[in-house]
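The values are calculated or read from the model by the stated rules, or taken from the named source; none is laboratory data. Only a predicted model underlies this, so the values are computations on that prediction, with no experimental measurement involved. Cβ: placed from backbone, ideal geometry, glycine included. Neighbour counts: every protein chain shown. Protein only, heavy atoms only, side chains kept; ligands, DNA and RNA dropped before computing areas. Shrake-Rupley method; radii C 1.70, N 1.55, O 1.52, S 1.80 Å.
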Amino acid sequence: MLRIAKTGLFGLVAIAMAVVAIILARGVIEAPPAADPAPLIARAGDFDVTVKRDEWGVPHVYGRRDADVAFGIGYAHSEDDFATIQDVLIATRGQLAAVKGERAAVSDYLVNLMGIWQTIEANYESGLTPEVRAVIEAYADGVNYYAALHPGKVIAGTLPVTGKDIAAGFMFKAPFFYGLDKTLIAVFEGRIGKSEGLSKEGVDAFLPAARALHVGSNAVAVSPARSADGATRLLVNSHQPFTGPVAWYEAVLHSDEGWHVAGGFFPGSPFMLHGHNAHLGWANTVNEPDLVDIYRLTLNPDNDNQYMLDGEWRDFDKSIATIRVDLWGPFWWTVEREVLRSEHGPVLRTPNGAFAVRFAGLGEFRQVEQYFALDKARNLAEWIEAMKMQALPSINYVYADKQGNIAYVYNAQFPDRPEGPDWAEVLPGDDSSLIWKSYVPFDLVPKLYNPNSGFVFNANNTPFRATAANDNLKPADFPIRMGIQTDMTNRAMRIEETYGADRSITRDAFHAYKYDLAYSENSRMAEIITELLALDPEGDADVAAAQDILRNWDRRTDAANRGAALAVRTAEPVISAEIRRETPPVLADQFKETISQLKRTFGRLDPEWGEVNRFRRGEVDMPVDGGPDIVRAIYGFPDQDGTLTARGGDTLIMFVEWDRAGNLRSESIHPFGSATLDASSPHYADQSPLFVGMKTKPVRFTQEELEPHVKESYRPGDR
């Protein structure tokens with residue numbers, strides 16, 4: 001139940017050396033043969049689907065059957081981002097090092113350590129319904145069809161993609177959202193503490209990152225009781241990297257069998273992960289309950305392939321992971337590493353001993369079932385039934401529907417831990433009574449339905465502050481062993497201070513609050529400013545001038561603001577280190593370093609924030625409002641010219657509304673456009689000016705709404 005932070009120093013070198021140390025062979029290995037494209041192309045004839053793209057290039061996929069639509073979205077998404085889909089598939093198979101080299105060996109090892117493919121092979125046919133298998137297999141066929149028609153884009157050995165690949169992708173990725181990868185790496189390196197996990201960024205998908213992207217999310221639902229016009233409103237506002245394996249792709253699906261959704265999809269997913277259908281919608285935010293337990297094993301001194309459990313020596317379940325590592329040109333390393341499992345779960349040998357790890361999602365393969373059920377839910381009761389599957393190991397849900405219901409679920413597979421032990425510590429591995437076997441039932445998971453306050457929210461904060469104070473859940477009602485987080489973010493505070501302070505929210509206000517640009521007076525940022533103002537400038541004129549700037553700063557991050565650059569660039573490294581539970585830089589030193597950098601780059605201590613904070617995409621280079629942990633979230637990374645380039649934060653934003661009569665209205669915006677990788681496409685950055693301007697476009701949900709705006713209509717393969 002140890003908590004591992006989102007970011008920190010990643011021990012790539014140690015891992016790579018450990019892998020290389022057990023090399024069995026080196027030599028030239030022939031690439032896998034290319035798949036025969038003929039059967040992949042022939043299977044396209046099994047599907048009846050049309051893709052219609054609107055003026056923004058957003059695909060609207062129409063089909064008679066759910067499988068037809070799945071085939072269509074697989075093909076359409078491949079048109080716009082095949083390279084990322086292919087990377088996701090290769091990573092899921094544990095073969096990424098063969099493409100990206102030794103930096104990816106850790107990802108391949110984790111696939112084996114987590115038992116992804118053993119679980120999928122054992123349960124795919126018997127554990128997934130025929131309906132879901134038909135959908136994910138059709139999606140795979142759509143990807144295969146695109147790849148077969150574009151062989152120059154295909155890495156040898158990728159084809160054919162199968163339904164098992166799709167199910168395995170969900171299984172592999174889901175536990176990383178609550179930080180499992182970071183725990184595994186920390187144990188591997190013999191550390192108990194904060195660690196950095198796998199990158200969620202672009203070309204480094206699933207690879208160790210030197211600095212992880214700060215991600216978060218906002219979600220708000222308002223019922224008719226709190227809206228000025230009796231409408232029900234939902235904000236969908238996940239904060240993700242702009243590109244890569246967990247970057248959003250927008251689409252609308254419409255099947256005659258009742259699968260009709262609009263919202264966000266990840267590469268490799270046929271299912272709308274959050275957004276809405278005609279009846280209801282939901283938004284997701286990352287939560288971080290404590291879902292991992294670590295056990296110190298006692299090894300047999302005469303046989304280190306055995307461990308003690310209940311007074312007896314038990315044999316490890318042992319297998320070998322074979323990892324092919326790309327070197328250069330035709331040269332490869334082939335390495336092998338043992339994969340151990342005990343009764344507890346995966347086992348890692350470290351310099352400090354052997355440790356077993358038990359985690360939420362261990363052996364769970366039904367994520368595809370739950371997402372499909374959520375997509376097809378027509379009312380709150382059906383949506384709750386889908387949530388009761390508890391196949392998703394974590395992630396908050398904020399819900400709203402056309403009947404005016406709202407809800408918040410702090411969703412997780414909470415281990416049903418017995419009372420007694422301190423689950424925040426490393427546990428003895430020789431006592432089987434400490435090996436939990438099940439999860440806390442859904443009825444006991446923290447949740448709120450239709451609070452009197454008329455609103456619910458989450459911004460990666462504690463579930464004990466999710467609505468008005470009188471309606472909030474009480475910590476005393478939930479045992480400490482559930483590991484529920486208690487932290488707050490600036491975004492959560494500002495939601496309380498905006499949405500939470502307005503008892504009659506108009507449509508315009510609902511939108512405006514989403515683009516709030518301020519740090520709360522109760523935020524960590526405000527505390528740091530107070531600390532900076534208390535520093536003795538010691539006769540340094542620049543420090544004194546900088547303090548004057550901060551003294552007059554309004555804690556806002558609008559592009560024209562002349563205090564934000566100094567404040568954000570001083571405080572962000574400190575706050576980030578504190579989040580990672582690392583030693584932060586000395587605040588006074590960081591302040592002086594920022595002063596020096598701003599003078600050197602901009603010739604003054606108070607450049608406009610928009611001079612520093614930039615949004616860049618293709619030929620687009622614009623100042624952008626917002627910043628770290630702002631409700632209008634923008635996370636910029638330093639460039640050589642001293643500016644910051646936005647690389648994550650607000651991504652696909654959706655405003656969903658049902659009026660008093662239940663009529664649906666939906667708006668969205670993407671930071672780039674539908675062509676997430678094709679710089680030659682008109683949709684590579686066509687939404688960027690709207691995104692930077694904090695504006696939206698309509699979601700053409702029905703065919704009647706879409707038809708006047710169809711710019712291209714085609715069957716896959718005919719475009």
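Below is a table of values for the structure above.
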{"item": "Span from the region 484-533 Cα centroid across to the region 87-115 one, whole angstrom", "result": "40"}
{"item": "Unsatisfied cross-links (Cα-Cα over 31 Å) in the set LYS182/LYS402; LYS100/LYS514; LYS173/LYS592; LYS164/LYS695; LYS376/LYS697", "result": "LYS182/LYS402; LYS100/LYS514; LYS173/LYS592; LYS164/LYS695"}
{"item": "LYS474 - accessible surface, heavy atoms, 1.4 Å probe, Å² rounded to 10", "result": "120"}
{"item": "Alpha-carbon radius of gyration plus Dmax, which is the widest Cα pair, for region 89-174 in Å", "result": "13.5, 39"}
{"item": "Net charge, LEU706 excluded, C-beta distance under 11 Å - Lys, Arg +1, Asp, Glu -1", "result": "-1"}
{"item": "Within straight-line cross-link reach of LYS711, aspartates and glutamates at Cα separation under 14 Å, skipping those fewer than 8 residues along the same chain", "result": "ASP54, GLU55"}
{"item": "Candidate lysines - alpha carbon under 19 Å from LYS474, same-chain residues fewer than 8 apart omitted", "result": "LYS447"}
{"item": "Gain in span if fully extended, ASN452 to LYS437, counting 0.36 nm per residue against the direct Cα distance", "result": "1.7 nm"}
{"item": "For the chain, share of DSSP beta bridges that run antiparallel, in % to the nearest 5", "result": "90"}
{"item": "Å² of accessible area per residue within the chain, as computed with a 1.4 Å probe and no ligands counted", "result": "37"}
{"item": "Packing-based order for 372-379, 598-605, 85-92, using average beta carbon neighbours within 10 Å, highest first", "result": "85-92, 372-379, 598-605"}
{"item": "Label-zone membership for region 50-84, site LEU677, 7 angstrom Cα→C-beta point, backbone N under 16 Å", "result": "74-84"}
{"item": "Cα centroid separation, region 358-404 to region 428-478 (Å)", "result": "16"}
{"item": "Per-pair calculated FRET efficiency, R0 = 22 Å: ASP554 and GLU497 via Cβ, rounded to 0.05", "result": "0.95"}
{"item": "Length released on extending from GLU521 to ALA381, taking residue separation times 0.36 nm less the Cα-Cα span", "result": "46.4 nm"}
{"item": "Packing-based ranking, highest mean first, of 477-483, 283-289, 396-402 given that Cβ atoms within 10 Å are counted", "result": "396-402, 283-289, 477-483"}
{"item": "Sulfur and carbon atoms: percent of accessible area, the chain [1.4 Å]", "result": "51"}
{"item": "Structure-derived volume of the Cα convex hull per residue in Å³: which label, when the choices are (1) 171; (2) 151; (3) 162", "result": "(3)"}
{"item": "Inverse of mean 1/r across different Cα pairs in region 389-508, Kirkwood, Å", "result": "16.2"}
{"item": "SER433 - accessible surface, heavy atoms, 1.4 Å probe, Å² rounded to 10", "result": "70"}
{"item": "Helix-only [θ]222 nm of the chain, DSSP H runs n ≥ 4, -39500 (n - 2.57) each, per residue, nearest 500", "result": "-8500 deg cm²/dmol"}
{"item": "Spacing of the two label points (7 Å from each Cα toward its C-beta) at ASP621 and SER504, in nm", "result": "4.9"}
{"item": "Qualifying chymotrypsin sites (Phe, Trp or Tyr not before Pro) for region 243-281 [loop in DSSP, other Cβ within 10 Å: at most 13]", "result": "none"}
{"item": "Ranked by how many other beta carbons lie within 10 Å on average, peptides 532-538, 349-355 from highest", "result": "349-355, 532-538"}
{"item": "Cα shape, region 305-424, gyration tensor, a/c 1.5 rule", "result": "oblate"}
